[in-house]
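For reference, the structure discussed in these notes is given below.
The values are calculated or read from the model by the stated rules, or taken from the named source; none is laboratory data. A quick note: this is a predicted structure, and the numbers were derived from the prediction, not measured. Cβ placement follows ideal geometry from the backbone for every residue including glycine, while neighbour counts extend to all protein chains displayed. What goes into the accessible areas is simple: the full protein's heavy atoms, side chains included, and nothing from ligands, DNA or RNA. Shrake-Rupley method; radii C 1.70, N 1.55, O 1.52, S 1.80 Å.
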Amino acid sequence: MNISYAWIRSLLPSLEATPQEIADTLAMQGAPVDEIVDIAGPLRDIRIARVVEASRHPNADRLNLCKVDAGDGQILQVVCGAPNVKSGGVYPFAAVGAHLPGDLVIRKSKIRGEESQGMLCSARELGLGKEHDGIMELPADSPIGGSLIDVLHLDDARIVVDVTPNRPDLLSHIGIARELGASYGIEPRLPPMHGEAGGRTGDTAKLGARAPTARAGDITVDIVATDLCPRYLGLIIRGVRVAPSPAWLSGPLRAIGLRPISNVVDATNFVLHELGQPLHAFDAKKAGTRIVVRRAADGERITTLDGIDRKLTADMLVIADANRPIAIAGVMGGAETEVDDDTTDILLECALFQPASVRATRRALGLSTDASYRFERGVDPDMMETALRRTAALIVACAGGVIDEVIANAGGDVPPRPPITLRLDRVERLLGVPFDRAAVTSLLSPLGYDVAGDAADAEVLSVRVPGHRTYDVTREVDLIEDIARRHGYDNFPDDLRAFRPTAVPDDAGAQLEDRLRTKLVGLRMLESRTLAFAPESQGDVPLMLPLSSAEGFLRNAITPSLLRRVESNYARGQRHIRMFEIGTAFISQGAGVAPTEERHLSALFTGGRASPHWTGDPPAFDLWDLRGFLDVIAGDLGLRVQQATTLPAWADPAAAWSLTREDGSIAGTGARVAAAAIDAPAWADTVFAVEVDITQTPARPAVQFRPLPAFPAVERDLALLVRHDMDAALVLATVQQSAGPLLETVFPFDVYRGKGVDEAMRSLAVRLRFRATDRTLTDEEVDRAVARVLNRLKEDHGIERRG
């Protein structure tokens with residue numbers, strides 16, 4: 001939201017704060033400022049000049065030679081390519097040596113053989129708009145040689161405020177002024193308009209009785225879709241003269257980056273940015289004698305003000321005449337009823353539209369405007385009449401005309417906003433410090449809240465919410481948030497107070513994610529956060545409104561996103577990388593069905609096992625580091641590590657394992673990343689990655705105490721001849737099943753291939769540890785258990801003991 005410092009000062013006349021002080025205050029109130037732009041600074045060298053003569057450039061068809069009077073007694077020659085430059089016209093002029101925005105310095109030059117002694121400027125070149133189709137035209141009575149800043153009222157600063165979606169009240173100068181006024185103890189007031197005097201204000205019109213069908217002069221307003229438009233005000237102004245806006249109206253609009261259009265349109269834009277209420281002006285003669293607020297017919301069409309023919313659907317709200325739509329409600333007006341130079345009578349519209357309807361229409365049409373931006377967040381239902389009357393006053397002040405006597409007041413009964421009960425003890429419990437009734441009233445009243453006590457309980461307050469906070473303050477906790485914000489977050493004590501821990505345990509999934517984060521950070525891995533958007537090759541769920549064509553889907557896995565982060569690290573010369581992410585993957589369930597959301601853990605590592613050291617380069621991660629990592633993760637998730645079966649596209653089949661659940665379903669994969677899946681430089685090491693679905697992870701069993709063993713263990717080492725194609729995990733599982741209850745652990749500790757062992761075999765050495773909890777084992781007991789193991793291995797797998 002662009003805010004004019006001078007505009008704020010007009011609403012808060014006694015405010016002495018600088019733009020930077022205003023920015024600091026807004027930041028503490030939850031509305032940080034992104035930028036402060038000194039509008040006047042880059043324009044101090046720009047003067048007003050008149051083109052005495054404009055003729056064709058002798059050596060270029062699209063250039064003009066202009067004789068320019070800049071008010072210093074001499075005529076300068078300027079080469080100009082703008083199509084709208086003409087003899088007698090008045091324009092902004094930058095002489096030789098002048099500075100333009102962007103540190104551009106004007107120098108004397110020759111263009112196609114003709115000398116140019118300055119520059120006639122467009123709005124974009126001056127930083128006052130985006131249009132670049134011609135030189136900025138100024139009023140003919142502008143003082144030649146005068147300062148552009150003075151003529152256009154641009155001695156101002158633009159404050160760019162970052163407004164969150166839940167605070168539509170801050171999308172206006174009065175909303176910002178209200179917040180600042182509460183902080184500085186100043187009540188904002190709307191200043192009178194230029195030319196406001198007896199019979200020329202919007203206050204002369206009488207508000208008609210509210211009804212679904214109402215009249216404004218000879219125009220009838222009928223609301224058919226009252227669920228999407230609860231209220232519609234219409235006012236007719238006759239005898240206006242459409243012309244360029246005076247500087248006192250166009251200057252503030254330019255200061256916030258808007259392009260002035262005409263006095264009538266600029267008046268509606270001025271009030272939109274002042275009060276936050278969008279309005280629209282129709283050419284009353286083109287609109288006819290009946291206005292209908294209704295849903296569009298399916299397939300109905302309208303050409304909007306941007307010249308685009310748009311197809312409407314039955315769920316869109318339109319403003320129509322007796323036969324056709326003339327505006328898309330809350331979004332944009334139609335071209336057929338546009339106010340132009342020939343307009344003399346206008347119908348001024350001020351309406352209240354249902355936010356969700358405007359939002360859906362804006363998305364479907366791909367059309368966002370200043371009006372839709374505010375309507376879809378919610379406008380102040382109590383500001384409508386004030387906005388209509390103020391706009392009418394503006395139009396009469398700069399375009400003349402006579403306001404009709406009656407304002408059409410169409411609509412049904414709007415349900416009243418019930419007061420919110422605020423408990424002072426609840427405020428203290430949430431904020432940690434007590435607030436009495438006087439303190440709460442002093443904090444909330446400047447924001448427009450009406451605070452009253454409860455006759456039955458002095459500790460309970462009844463708070464009525466002002467119209468501008470209708471959409472975001474609906475609960476007691478919302479009021480408490482405003483109390484904290486107004487009190488100042490930095491004013492709360494920072495010492496640890498007494499607290500009551502909750503008896504409700506955290507969600508099991510959240511506990512698991514916390515454990516995984518702790519474990520992975522302990523392994524010196526950094527947590528990454530990537531966006532869920534992906535190209536079609538990495539996603540199954542298409543987005544309705546993608547941010548870019550390259551990321552039009554929701555990802556079905558996280559690893560590809562992390563691999564892009566690895567590439568980004570490579571581009572910056574980083575070789576040693578360890579990162580992980582716990583996020584959401586989206587699995588398509590078919591057309592028309594909501595996708596399944598799964599929580600995934602993805603981790604990857606590459607580079608050295610240890611940090612680089614002057615003594616030498618650390619060894620790089622290898623396949624066994626991956627296997628060890630999988631064992632750690634599988635143990636915490638209750639999964640098994642098995643030979644890989646189905647693999648994702650990024651995995652190298654020659655070095656991969658699957659993580660499986662108890663029912664045999666695959667939960668994830670750990671593998672070496674295939675060379676084709678990552679753009680790695682020649683110096684990069686092998687990348688290893690793991691991705692596992694943690695959504696269905698079984699609950700972690702409770703930790704149980706077990707005393708240290710009181711009796712010694714007995715160990716036996718067995719060298720077994722095992723075929724090359726047999727998985728060692730199968731051998732260990734058979735040993736565990738056949739050894740009996742005395743077996744404590746079994747693990748491999750050596751593999752041998754070579755002399756004395758058949759080429760089709762390998763010697764696998766395993767260590768068996770036996771222990772009893774109530775006695776010392778005898779050799780006979782252990783020998784019997786070993787014999788059972790050897791017999792079972794030979795019978796089931798043909799494995800014999802190596803002699």
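Table for the structure above
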item	result
Cross-link reach list, lysines versus Lys286, counting only Cα pairs under 22 Å and skipping chain neighbours closer than eight places	Lys311
Scattering curve values for segment 548-683, log₁₀ I(q)/I(0), Debye with Cα scatterers, q = 0.09, 0.19 Å⁻¹	-0.32, -1.27
Beta bridges by DSSP in the chain, antiparallel share as percent, to the nearest 5	95 percent
Charge context of Met579, other residues only, Cβ under 13 angstrom, K/R +1, D/E -1	+2
Largest-first ellipsoid semi-axes for segment 251-308, taking √(5λ) over the Cα gyration tensor eigenvalues, angstrom	27, 14, 12
Extension gain (nm, one decimal) between Ala682 and Thr695, 0.36 nm per residue minus Cα-Cα	0.9 nm
Cα convex hull of segment 365-498, projected area averaged across orientations, nm²	14.0 nm²
Spin-label model distance (nm) - Thr313 vs Ala335, 7 Å beyond Cα toward Cβ	2.4 nm
For segment 650-665, Karplus couplings with θ = phi - 60° (6.51, -1.76, 1.60), whole Hz, Gly/Pro x	7, 8, 8, x, 6, 8, 8, 10, 10, 9, 10, 8, 4, 7, x, 6
Simple label model, 7 Å out from Cα along Cβ direction - Arg515 to Glu405, nm	8.1 nm
Sequence-distant aspartates and glutamates (8 or more away, or on other chains) whose Cα lies within less than 12 Å of Lys86	Glu53, Glu137
Area projected by the alpha carbon convex hull of segment 327-416, averaged over all directions, nm²	7.2 nm²
Near-label residues of segment 222-245 by backbone N, under 12 Å of a point 7 Å along Cα→Cβ of Thr213	222-224
Pair Glu481, Asp636: separation of 7 Å Cα→Cβ label points (nm)	3.3 nm
Computed over segment 506-558, the ratio Rg/Rh where both radii use C-alpha atoms and Rh is Kirkwood	1.16
Accessible area per residue, Å², the chain with all protein chains present, probe 1.4 Å	49 Å²
Sparse-neighbour loop sites [GluC sites (Glu not before Pro); segment 580-684; at most 10 other C-beta within 10 Å; DSSP]	Glu662
Accessible surface of segment 497-598 [probe 1.4 Å, protein heavy atoms]: carbon and sulfur percent	55 percent
Fraction of alpha-carbon pairs over 21 Å apart in segment 681-803 - percent	56 percent
Degrees between helix 559-571 axis and first principal axis of the chain (Cα, 0 to 90, nearest 10)	80 degrees
Accessible-area composition of segment 267-379, carbon plus sulfur, in percent [1.4 Å probe]	45 percent
Inverse mean reciprocal Cα-Cα distance (Kirkwood Rh) of segment 498-596, Å	16.1 Å
Percent of alpha-carbon pairs separated by more than 17 Å within segment 1-107	67 percent
Local electrostatic count at Val379 - Lys and Arg +1, Asp and Glu -1, tallied over other residues with Cβ under 14 Å	-3
Loop sites in segment 491-599: trypsin sites (Lys or Arg not before Pro), DSSP, at most 15 other Cβ within 10 Å	Arg497, Arg524, Arg529, Arg572
Span from the segment 123-166 Cα centroid across to the segment 695-745 one, whole angstrom	79 Å
Size descriptor, Kirkwood hydrodynamic radius, that averages inverse alpha-carbon separations across the chain, Å	33.7 Å
Environment charge at His724 (Cβ cut-off 13 Å; Lys +1, Arg +1, Asp -1, Glu -1)	-1
Calculated FRET efficiency for the pair Lys285/Trp614, C-beta based, R₀ 56 Å, to 0.05	0.05
Rg in Å to one decimal, and Dmax rounded to a whole Å, for segment 275-364 via C-alpha atoms	12.5, 36
Gly330 long-range amide H proximity, modeled H, under 5 Å	none
